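Note sheet for the following structure.
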Amino acid sequence: MSTKRSCVGHDPGSSLIRMRVICDSSEDEMIALFLLGELNSERFGKGIRSALDVASQTEALITTADLGDSDQNRARRTILGLTRGYGENRDVFENFPARVHWVRAMLAPSELARVRYIDYSYWNELSGGSRLASDAAEQIRRGIKVFGVSNERFLRAARAVERGDLFPALILGRAAKGPPDLRGRPPTADRVRRGRLPRRGRVPSWHRPDHGLLGSLNWIYV
């Protein structure tokens, strides 16, 4: 997928103690990465492929995304709207802000540990109410299932992390203050995508100043 860009001053070998913004990103890049995560998802991949068929598009629209092609960008936005309600004020993007400043960033491990899941019933139950992935991991190790849903996909994800498998970038979102939220995938690297959500007007419950949203879907780390 051709969404990579050169970020001046980025040293991938350096250690981090605090988050470092690497460079600006864009809504188009966020959408492309979001869809790539969905396409590779056991849970959501089928829906993405069905939407691609409806739009007379192939998986190449996502796997070899060209962010410089405005027609492609519009098509991907349409697919994300069809499948997850992006730009339509529904599903996971209900009450999502119209203006978000997207950047590429790196988080230190201690910061990543404070990232929370979105305020959603499944993740609340899985984490014991804290919305922290570390607490969800402990629940999974104890064999606790939520709403009768198997935890096997998380265990496979953990094994993939141990093997050193690579995953699409995390997509995180936050309001003006507080730790970002995710609906996550395994943090195989410190590099993430992070959205800054504006504090103007009424702020929905998952965009309160003490927490934000955005999840790139489907996996947590255990």
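The values are calculated or read from the model by the stated rules, or taken from the named source; none is laboratory data. Fair warning: this is a prediction, and the values are worked out from it, not measured in the lab. Note that we place each Cβ from the backbone using ideal geometry, even for glycine, and neighbour counts take in every protein chain shown.
Would you call TYR117 assigned by TED's automatic domain parsing to the domain that holds PRO168, in contact with a helix residue (DSSP H, G or I) (Cβ under 7 Å, 6 or more places away or on another chain) and over 24 Å from ILE22 (Cβ atoms)? Taking the combined requirement at face value, the residue satisfies it. Can you name every residue in the range 56-81 that is under 15 Å from GLU38 (Cβ atoms), in contact (Cβ under 8 Å) with a residue 40 or more places away in the chain and either not assigned by TED's automatic domain parsing to the domain that holds MET30 or not in a loop (DSSP other than H, G, I, E, B) (or both)? The answer is ILE62, THR63, ARG76, ARG77, ILE79, LEU80.
Against the numbered list (1) more than 18 Å from the chain's Cα centre (by Cα); (2) under 16 Å from ARG43 (Cβ atoms); (3) surrounded by fewer than 16 Cβ atoms within 10 Å (Cβ to Cβ), ARG153 comes up short only at (1). Filtering the range 158-182 down to residues that are among the small types (Gly, Ala, Ser) and buried (at least 21 other Cβ atoms within 10 Å of the Cβ), which residue is modelled with the lowest pLDDT? Applying the filter and picking the extreme gives ALA175. Here ARG84 meets the list (1) charged (D, E, K, R); (2) buried (at least 17 other Cβ atoms within 10 Å of the Cβ); (3) more than 15 Å from the chain's Cα centre (by Cα) almost entirely, failing just condition (3). Among the residues here, ILE31 does not qualify as more than 15 Å from the chain's Cα centre (by Cα), buried (at least 22 other Cβ atoms within 10 Å of the Cβ) and of a type outside the set (Ser, Thr, Tyr). Looking at this structure, is PHE93 buried (at least 17 other Cβ atoms within 10 Å of the Cβ) and either within 25 Å of GLU42 (Cα to Cα) or outside the structural domain of ASP28 (by TED's automatic domain parsing) (or both)? Against the criterion (buried (at least 17 other Cβ atoms within 10 Å of the Cβ) and either within 25 Å of GLU42 (Cα to Cα) or outside the structural domain of ASP28 (by TED's automatic domain parsing) (or both)), PHE93 qualifies. Just one of the listed residues (ARG43, ARG74, ARG49, ARG84) is within 19 Å of PRO168 (Cβ to Cβ) and modelled with pLDDT of 95 or more, and it is ARG49. Taking (1) over 26 Å from ILE22 (Cα atoms); (2) of a type in the set (Val, Ile, Thr); (3) at pLDDT below 95 in turn, VAL103 satisfies each apart from (1).
Here ASP24, ASP69, ASP11 are screened, and the one residue that is modelled with pLDDT of 95 or more, acidic (Asp, Glu) and surrounded by fewer than 16 Cβ atoms within 10 Å (Cβ to Cβ) is ASP69.
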